[in-house]
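Right, one structure below, let's go through it.
The values are calculated or read from the model by the stated rules, or taken from the named source; none is laboratory data. The structure presented is a predicted model; accordingly, all values stated were derived computationally and were not measured. For neighbour counting, all protein chains shown are included, and Cβ atoms are generated from backbone atoms with ideal geometry for every residue, glycine included. Surface accessibility is based on the protein's heavy atoms, side chains included, excluding ligands, DNA and RNA. Shrake-Rupley method; radii C 1.70, N 1.55, O 1.52, S 1.80 Å.
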Amino acid sequence: MPVASVTTSAVGSLTLLEDEDRDIRVHALNHLLAIVGQFWAEMSEKLSYLELLADPMSKELPQESRPQAALLISKIYYYMGYLEEAVEFALRAGASFEKEKEGEFRETIISGCLDRAIDQTSRDERIDPALSNIVDGVLRSTSGENGKLAMGLALSLRRLDLVEMIYLTSRASSQPSTSTQGSSRPTHDESLLRYVLSEVVSGASGNESWSGEFRHNLFNLLLRLFHFNPNPDWNSITTIWAQNFDTLACGEALVKLINEGNHLDAYQIAFDLSEVASQAFIDGVRAKLTEKGLAPPEENRDESDPKVILENILMGVTSAELFLNFLNKNNKTDMSILKVTKDTLEDRYSIYHSAITFTNAFAHCGTTSDKFLRENLDWLGRASNWAKFSTTAALGLIHKGSWVNGVKVVKPYLPGGRSPNKYSEGGALFALGLIYNGRKEFSEVELKQGLGENMDPVIQHGAALGLGVSAIATADEDIYDQIRTVLFTDNATAGEAAGYAMGLVMLGTASEKALDEMLSYARETQHEKIIRSLAMGVAFVMYAQRERADGVIRILTEEKDAILRYGGMFTIALAYAGTGNNRAVKKLLHVAVSDVNDDVRRAAVTALGFVLFRNHTQVPRVVQLLAESYNPHVRHGATLALGISCAGTGLETAVELLEPMTKDPVDFVRQGAYISLAMILIQQSEASSPKSASIRELFQKVVGDKHEDPMARFGASLAQGIIDAGGRNCTLNLSTRAGTLNMNTIVGLTLFVQFWYWFPLAHGLGLAFSPTALIAVDEKLKLPKIDITCNARQSLFAYQSNEKKVEEKKKDKAKTAVLSTTAKAKARDRQKKAEAGEAMDTDEKPETATDAADKPSTPVPTPAQKKKPSEPASFTIPNMSRVTPAQLQYIAFPSEGRYQPIRPSYEKSSGAGANGVNASGSVVLVKDTTPEVEGQYIELDKSLWPDQEEEVPAAVAAAGAEQQQQAAVGSSAGGAGQEEDEDVEPPQPFEYPFED
């Protein structure tokens, strides 16, 4: 019986490798490949000879056997732990490696090949063909379940052909179609494209090294692939247009939809553009529509004309009217908080007067509710100098977005009005800019007049800030030149505002002309205020420029002047906002612990919040050690970094990190902690964030504590306004629902944190507040009465209760009053009885055991415990209600209802994650399934947005004559009991009783 041979050593086969016969060498090589896993240690001694055999020029082996030698060497290096060498020889093996069976060796080598390919791609090196073949083979064999992994790998390799191949080979899931326009369905999985779009838009997936050309080509590819669907995903396409600044394609698509009669999709695209696109992009689209003959007529405009409707939506007029009505109708501000704060803080101090001003402005932002001001005219009269400026400017936040009545509100306080005071006039100009944020055409004339040479620097200060806010990101050369003229007067007051305004007008343009002029003047002037504003202006100019800002960042961070280095930190923050760029984070952390200037270190830590806000769950871990720094400025920066990055999220770890900092020994650290806690807990209910109630009580306690430091009380007061912003209907979102950067929020927060140096800049936070509404409109832009379902517990998203918790005190049994004479008489009686040997009687005799046994045992009924009623798993909300970002995923329209949305307000399977790339904006178009039946609609408040026959800008400009008559009423118009003559007229303006 033959005995099976057992290999105990590889020496024999290694010896045969050196035989003169090549066939014997090939046989030995094949045997060694079979036993390499057991005897690789012995084979490693012959590596030099094996490498000679694997050499392509070697004649020791036949040509077809040399790859097998390379494969053997790769396996030896693999077992030795030298993975780089193993990958190198596996690539030389070519076809021999591809035939290798599945196992740990093959998976490890492929993983190494992918890492090498990605590394070479990031360094812009050419990928070896053998390496490319392995990568292509992996991606082509990837199953549909791993489609997102394959897409991520294709993006890392910058292989657009692979992105297209993966999508075309995918198959759509069995989920119902999101389109309502037909039964045809896409055959490919569009969630893969949305996943790619979310990764590209978020900028947080290591794509900072991508060139502009690659991004452009990728967006074009996504656009082409999305159009494969007969019912395109217009929301994603709109995001691509805005990101790629493709006004041509956007305009042509809108023209086609209008001409086909598909008004619903056209209007929805316009609403989405007004939310996610820049003003320059929208202007380009409007120009394209004009070119194609879709411009509305100049005269005799019919408001039901689709051209007029589309124009109003793109200009933002329709959205502004809807949001103004929403904020006014749903205003839930707790007036008792403002009253207690006003009564507690001594308004004779400017810091406290400003605190109350900002608190009221934030709490009533956009609501047009001036009830607090009308009821406290005596308090307003005590404002002086710059506090008066801030108080007047606060009108801009309260009436933010009131485009028709805006000029009427501030007209009495503008230069030449009935309030001849330079501080109130400057504040009124700033208020005008805040009202018409991003809409310079409504207020350009008044603001340019305020910049005149003969104007006081205080008035120029307000006009410059107003122009910067209203003309934000327009790159208007005329406005820029006029502001620059004010800068060159070298007045510290006017020049400070001019520096900020120049940056705001040129926001995100990376204009070399603006950068050269601003940096040159910053080095020449002696005014620190001007230097700081110009440094911040440079940061605004480099907004969202990413690696293109590296040159400017290097110049600013290497400056000897600490103020310019301070601007360099915010340049990093704005240029790399939301990217999570590793180099930017490392730079900021390095400066935070190494710079010699406290302001620069504080700015560096604060900037981390802007860079990392998309990965906000990681921020507490990043700044944890910085929050324990010995330097209070670094601790203050850590509080703001947490507040900015985690704004509106209610992140528990961030709250737990900030709570101990509310007891910090340094007042401005506590101030930052209060403000940041308010930012994080904005619109958070007690059910979703249990600590929100205790935090609110903490704010109230600090404000009411007269022994607390003024700076801490100032911060707690501001926090009360922030946490209830916009009547508790606004939030802070640094990104839009489409995942793009929210320009107004990022710029507003940047301006707000400058209140450290200049209180009036705190008004910038008003730009950052975004209404959280769900407004459904039909094709005629009417608001149908719809009950919308929210599939979650109502307590999770309820408004904060205004009821004050009253602790019930247990009533003690009142003791019977005993006269002193009675007590003495009873004492004498007890003494006589004791002497007589009688038992001493007492008023209350103790019950003996015998007495207790004689009593019948009657069971004492125990009160039944009341069970807390279980909360329903869903509830309904009417149209035009508050819907927070976290609540959006639970919202559903009635499936059998009359009105159906043309696209979902939220699509969980889109692959967009928290960004919601396929989510509609706040305004959702609904299709009326029974248009022949008369519907019920929500009536808008006409006094907030009076109907005008002429265009809105002209209407605003023509309001002067009427305003002069109304302004004559004076401060007496502040009476709450006055009635309006007509319902459609706006409330009569009142004048603050300012005294010079």
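When Asp119, Asp124, Asp128 are checked against the criterion of being under 21 Å from Ser156 (Cα atoms) and over 36 Å from the mean Cα position of the chain (by Cα), a single residue qualifies: Asp128. Here is a check on your reading of the model: is Gly508 in a loop (DSSP other than H, G, I, E, B), modelled with pLDDT under 95 and closer than 20 Å to Glu477 by Cα? The answer is yes for Gly508. Restricting to segment 629-658, name every residue that is open to solvent by less than 20 Å² (accessible area, probe 1.4 Å), without any contact (Cβ under 8 Å) to a residue 60 or more places away in the chain and among the aliphatic types (A, V, I, L, M). Listed by number, the residues that qualify are Val634, Ala638, Ala641, Leu642, Ala654, Val655, Leu658. Checking the stated criteria, Ala892 turns out to be surrounded by 12 or more Cβ atoms within 10 Å (Cβ to Cβ) and either at pLDDT 80 or above or not small (Gly, Ala, Ser) (or both).
Residue-by-condition table, conditions (1) open to solvent by 10 Å² or more (accessible area, probe 1.4 Å); (2) among the aliphatic types (A, V, I, L, M); (3) modelled with pLDDT under 90:
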site	(1), (2), (3)
Ala242	yes, yes, yes
Phe245	yes, no, yes
Val255	yes, yes, no
Asn262	yes, no, yes
Ser274	yes, no, yes
Gln279	yes, no, yes
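Within segment 686-702, residues that are free of Cβ contacts under 8 Å to residues at least 60 places away in the same chain and of a type in the set (Gly, Ala, Ser) reach partners that are open to solvent by 70 Å² or more (accessible area, probe 1.4 Å) and not in a loop (DSSP other than H, G, I, E, B) with beta carbons closer than 8 Å, at six or more positions or on different chains, in the pairs Ser689/Glu652.
Screening segment 723-806 for strands (runs of 3 or more DSSP E) wholly inside it with 2 or more residues that are surrounded by fewer than 19 Cβ atoms within 10 Å (Cβ to Cβ) returns the ranges 787-790. Within segment 237-292, restricting attention to residues that are among the acidic types (Asp, Glu) and within 12 Å of Thr740 (Cβ to Cβ), the residue that is nearest to the chain's Cα centre (by Cα) is Glu275. Taking residues in segment 441-464 that are on the phi < 0 side of the Ramachandran plot, and partners anywhere that are among the β-branched types (Val, Ile, Thr) and in a loop (DSSP other than H, G, I, E, B), the pairs with Cβ atoms closer than 9 Å and at least 6 places apart or on different chains are Glu453/Thr489; Pro457/Thr489; Gln460/Thr489. Considering segment 659-678, and only residues there that are open to solvent by less than 10 Å² (accessible area, probe 1.4 Å) and in contact with a Pro (Cβ under 9 Å, 6 or more places away or on another chain), the residue that is nearest to Ser770 (Cα to Cα) turns out to be Ala673. In the set (1) open to solvent by less than 20 Å² (accessible area, probe 1.4 Å); (2) modelled with pLDDT of 80 or more; (3) of a type in the set (Ser, Thr, Tyr), the condition left unmet by Ser96 is number (1). Going by the conditions given, is Gly567 under 20 Å from Arg602 (Cα atoms) and either within 23 Å of the chain's Cα centre (by Cα) or open to solvent by 30 Å² or more (accessible area, probe 1.4 Å) (or both)? Yes; evaluated as a whole, the condition is true for this residue. Name the residue that is least open to solvent (accessible area, probe 1.4 Å), counting only residues in segment 325-349 that are more than 18 Å from Leu373 (Cβ to Cβ) and without any contact (Cβ under 8 Å) to a residue 40 or more places away in the chain. Step by step, filter segment 325-349, then rank; the result is Glu346.
Within segment 286-304, is there a residue that is closer than 26 Å to Ile746 by Cβ and either open to solvent by less than 60 Å² (accessible area, probe 1.4 Å) or of a type outside the set (Val, Ile, Thr) (or both)?
Filtering segment 286-304 down to residues closer than 26 Å to Ile746 by Cβ leaves 286.
Subsequent filtering for residues that are either open to solvent by less than 60 Å² (accessible area, probe 1.4 Å) or of a type outside the set (Val, Ile, Thr) (or both) retains 286.
Yes, segment 286-304 contains a residue that is closer than 26 Å to Ile746 by Cβ and either open to solvent by less than 60 Å² (accessible area, probe 1.4 Å) or of a type outside the set (Val, Ile, Thr) (or both).
Could we say that Ala387 is of a type outside the set (S, T, N, Q), assigned to a loop (DSSP other than H, G, I, E, B) and over 25 Å from Glu939 (Cα atoms) here? Taking the combined requirement at face value, the residue does not satisfy it. In segment 633-651, which residues are assigned to a helix (DSSP H, G or I) and either over 18 Å from the mean Cα position of the chain (by Cα) or small (Gly, Ala, Ser) (or both)? Passing the criteria: His633, Val634, Arg635, His636, Gly637, Ala638, Ala641, Gly643, Ser645.
Say whether the condition of being outside any helix (DSSP H, G or I) and open to solvent by 30 Å² or more (accessible area, probe 1.4 Å) is met by at least one residue in segment 477-487. No, segment 477-487 contains no residue that is outside any helix (DSSP H, G or I) and open to solvent by 30 Å² or more (accessible area, probe 1.4 Å).
For first residues located in segment 518-542 and under 14 Å from Met502 (Cα atoms) and of a type in the set (Asp, Glu), partners that are open to solvent by 20 Å² or more (accessible area, probe 1.4 Å) and assigned to a loop (DSSP other than H, G, I, E, B) and lie 6+ apart or on another chain with Cβ distances below 6 Å do not occur. Considering each residue of segment 607-628 in turn, none proves to be open to solvent by 40 Å² or more (accessible area, probe 1.4 Å), free of Cβ contacts under 8 Å to residues at least 60 places away in the same chain, of a type in the set (Ser, Thr, Tyr) and not in a helix (DSSP H, G or I). Checking Gly416, Gly452, Gly438, Gly433 one by one, the residue that is surrounded by fewer than 22 Cβ atoms within 10 Å (Cβ to Cβ) and within 27 Å of the chain's Cα centre (by Cα) is Gly438 and no other. When we screen Glu20, Glu64 for residues that are exposed (fewer than 12 other Cβ atoms within 10 Å of the Cβ), in a helix (DSSP H, G or I) and either of a type in the set (Lys, Arg) or at pLDDT below 85 (or both), the only hit is Glu64.
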